[in-house]
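The values are calculated or read from the model by the stated rules, or taken from the named source; none is laboratory data. Because the structure is predicted, anything quoted here is derived from the model rather than measured. Positions of Cβ are generated from backbone atoms using ideal geometry, with glycine treated the same way; all protein chains shown enter the neighbour counts.
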There are 2 protein chains.
Amino acid sequence: MPVDIVVMKAVSEENERHAAAVRAQLDAHGVLAINMMSSPGSGKTALLEAAIGALRGELRIAVVEGDVFTALDAERIQRLGVPVVQLNTEGSCHLTAHMIEAVLPRLDLESVDLLAIENIGNLICPAAYVLGEHCRVGCLSVAEGSDKADKYPRLFSLSHLNVITKVDLVPHVDFDVKAVEEKLRQLNPEVPVLVTSVRTGEGIDAWCDWLRSQVASLRSA
Amino acid sequence: MPVDIVVMKAVSEENERHAAAVRAQLDAHGVLAINMMSSPGSGKTALLEAAIGALRGELRIAVVEGDVFTALDAERIQRLGVPVVQLNTEGSCHLTAHMIEAVLPRLDLESVDLLAIENIGNLICPAAYVLGEHCRVGCLSVAEGSDKADKYPRLFSLSHLNVITKVDLVPHVDFDVKAVEEKLRQLNPEVPVLVTSVRTGEGIDAWCDWLRSQVASLRSA
């Protein structure tokens with residue numbers, strides 16, 4: 001399918017230009033941006049809700065919610081009283097840097113320390129489009145099975161943090177936490193793997209510590 | 001993004017031609033084909049394993065396993081002794097009819113009653129590409145949350161059957177079975193919704209009955 005390949009290259013070059021423009025704006029305002037990626041329903045929004053609660057008064061968080069349709073996730077975030085923009089792609093299976101560039105003016109970046117961008121629920125294409133973010137976060141729920149890091153290696157190998165979610169479900173599903181942790185470390189030896197549950201609170205302190213450390217390292221850069 | 005739209009149309013027209021060619025081959029051999037679509041880890045392979053076990057000696061099943069990488073799912077199916085082809089897209093987030101046309105010669109269609117095609121784990125793009133199948137099956141695990149039919153309506157509204165999977169996990173997750181069943185029926189009033197668990201066996205008889213009825217209706221057509 002040579003046509004597909006040509007198109008992807010053209011889109012990618014254009015995407016890189018928009019990503020650089022997004023990064024320049026973020027850096028001008030000292031905003032650290034993370035790009036959260038996973039399957040649908042892996043718990044990205046729940047991780048964000050947990051961080052917003054735990055870091056209130058310490059880090060000023062804003063959120064861009066990416067979804068094909070609906071504003072359900074933005075409504076969840078808005079209830080927590082933080083600035084949020086819902087970005088609907090109405091068909092596209094991933095965010096692009098151009099989309100982020102288009103919504104940044106809706107946020108007061110001078111009043112933001114951490115911008116969390118929740119990508120479309122998809123383990124494939126989001127990994128091919130940088131958004132201007134400083135860090136990528138790959139998430140994987142234990143309900144999805146132990147084989148997902150093998151089957152979708154690109155997303156997890158390009159991340160700056162990988163998070164195993166919903167670990168409270170382990171007694172009820174077939175999931176080998178140790179084996180998946182090891183696989184994620186093989187794919188991406190430089191980055192930490194967190195094992196979390198927003199239901200029990202397991203790993204949420206570590207998740208917040210990682211966010212704090214990324215904001216601090218941007219400030220000291 | 002007008003460029004994207006133009007490309008999608010061109011691909012779609014080409015896809016329709018290949019889908020017609022696939023369908024002609026299937027019909028010439030009296031093979032019923034289903035296209036199974038869901039998020040990664042929703043349990044499509046497990047549903048197939050359950051059907052292969054239950055329908056052994058009654059329906060001759062063959063499988064095409066679509067994955068970006070790995071042959072893990074084909075290995076699971078092969079252990080059950082049925083013909084299987086692993087189709088790796090190495091990047092693409094959905095199968096196309098052209099891919100199916102390319103692998104059909106690897107199967108002895110004269111010895112097949114039901115061809116199950118497991119699409120790439122993705123709730124978005126697979127719904128935009130028919131493969132020549134007779135029926136589309138949308139799956140959704142209770143671990144993914146109650147909002148997925150709202151957030152990814154196209155896939156479920158284009159299906160001929162929607163299946164809620166892993167219902168044994170309901171006591172441990174936030175999922176409203178009745179509300180999701182109702183939403184799926186709103187999106188797609190003509191088609192049944194099955195509530196299933198391969199762990200407890202719930203709904204597996206109904207899943208097999210649906211497969212039987214589709215094969216029977218092709219034969220009587």
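For the reader, a short list of remarks on this structure follows.
- Number of positions in segment A:90-109 that are within 26 Å of A:P192 (Cα to Cα) and outside any helix (DSSP H, G or I): 3
- Restricting attention to segment A:103-131, the residues that are hydrophobic (A, V, I, L, M, F, W, C) and more than 30 Å from B:S38 (Cα to Cα) total 5.
- For segment B:30-54, residues that are touching an Asp or Glu at 6+ places or on another chain (Cβ under 9 Å) and over 27 Å from B:K151 (Cβ atoms) total 5.
- Residues being surrounded by 20 or more Cβ atoms within 10 Å (Cβ to Cβ) and touching a strand residue (DSSP E or B) at 6+ places or on another chain (Cβ under 8 Å) - total across segment B:95-112: 4
- Test: residue in segment A:113-128 that is more than 10 Å from every other protein chain (Cβ to nearest Cβ), at positive phi and not aromatic (F, W, Y): no
For (1) surrounded by fewer than 24 Cβ atoms within 10 Å (Cβ to Cβ); (2) hydrophobic (A, V, I, L, M, F, W, C); (3) within 30 Å of A:L26 (Cα to Cα), each residue gets a yes or a no:
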site	(1), (2), (3)
A:V130	yes, yes, yes
A:L140	no, yes, yes
A:S146	yes, no, no
A:R154	yes, no, yes
A:S157	yes, no, yes
A:L169	yes, yes, no
A:V173	yes, yes, no
A:K183	yes, no, no
A:Q186	yes, no, no
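- Residue in segment A:166-175 that is under 18 Å from the mean Cα position of the chain (by Cα), closer than 30 Å to A:A102 by Cβ and within 12 Å of another protein chain (Cβ to nearest Cβ) present: no
- If you go through segment A:138-153 and pick out every residue that is more than 7 Å from every other protein chain (Cβ to nearest Cβ) and of a type outside the set (S, T, Y), you end up with 5.
- Qualifying positions in segment A:57-83 - away from chain B (no Cβ under 14 Å) and either polar (S, T, N, Q) or touching a residue at least 24 places away in the same chain (Cβ under 8 Å) (or both): A:E58, A:L59, A:R60, A:I61, A:A62, A:V63, A:V64, A:Q78, A:L80, A:V82, A:P83
- Filter result for B:N162 (touching a strand residue (DSSP E or B) at 6+ places or on another chain (Cβ under 7 Å), of a type outside the set (A, V, I, L, M, F, W, C) and modelled with pLDDT of 95 or more): yes
- Subset of segment B:40-89 (residues that are in a strand (DSSP E or B) and either charged (D, E, K, R) or in contact with a Cys (Cβ under 8 Å, 6 or more places away or on another chain) (or both)): B:E65, B:D67
- Taken together, A:L87, A:L107, A:L80 contain a single residue that is within 15 Å of the chain's Cα centre (by Cα) and farther than 17 Å from A:H160 by Cβ, which is A:L87.
- Residues located in segment B:114-129, provided they are within 16 Å of A:E90 (Cβ to Cβ) and of a type outside the set (A, V, I, L, M): B:C125
- The helices (runs of 4 or more DSSP H) found wholly in segment B:110-221 and carrying at least 2 residues that are over 17 Å from B:S42 (Cβ atoms) and out of contact with any Asp or Glu (no Cβ under 6 Å at 6 or more places or on another chain) occupy B:177-187, B:204-219.
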